Amino acid sequence: MPEELQKDPLTRRQFLWMGTLGTFTGVVLTVPSAVFVLDPAIKDVLLERSDVPAEWKEVGSVFEIPASEAVEHLVEFTQKQTYDAGEPAVNGTGAKVETMTNAVLLSWRDGKLPSVLSTRDEGPLPKTQIKELERDLNALSNHCAHLGCPVRWSSETQDILCPCHGGIYDINGDHTGGPPAHGLWHYVSRIREDGTILVKHEFYVQQKGQIGPGVKTKPYVV
């Protein structure tokens, strides 16, 4: 047999070079799809951006929240599709408007009805009273701070309970028991002169006993 046919057609260097080239090609083909899939997490955690536009949504009225209770309201947020390079669809364009429905738990700090509600005169709320109401309002996410299970208010125990792993929160959303590392997320909220409550898909975590907005968190899709 001729000598040239007995030789290995690939040298060790050529073999290693082909392996490196194959790995590089795999990375080039994989990274775009990985970024495509992980885009929401990258935006939420690293870039502090969210697929939910920063728009205000109505969610009940200050006159509908009783003392010593937390009431649940559903709110629909417009959501830009993760893999849509354009803007969220708008009504009237013929395109489908995508939304996500979240639940908000509304209550008063420590369950006490603000005095301004019992002494309110007819007409729009003064700015001083609005500030007082905004200070005392709890607009809580209904997703447990542990693993995101939906929590519920218990009138019997006067607690907010997580049915999945036993997380317990008080009426202010402060953590009082179970595995969560901190209290419930508070929606960024404001109140109109007519008493309408507005929330935005932005959140902060409040230190126990603190009055007013706490530590702002990165946008968190819940």
### Relative packing of peptides 110-117, 170-177 - highest average C-beta neighbours within 10 Å first
170-177, 110-117
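In square nanometres, what is one fourth of the surface area of the convex hull spanned by the alpha carbons of the stretch 98-154?
Over all viewing directions, the stretch 98-154 projects a mean Cα-hull area of 6.4 nm².
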#### Entry: In nm, spacing of pseudo-spin labels at residue 194 and residue 152 (7 Å Cα→C-beta vector)
3.3 nm
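The numbers here are math on the coordinates, done by the rules we state, and not lab data. Being a predicted model, the structure only gives us computed values, none of them experimental. Every residue, glycine among them, receives a Cβ derived from its backbone with ideal geometry; neighbour counts consider all protein chains shown.
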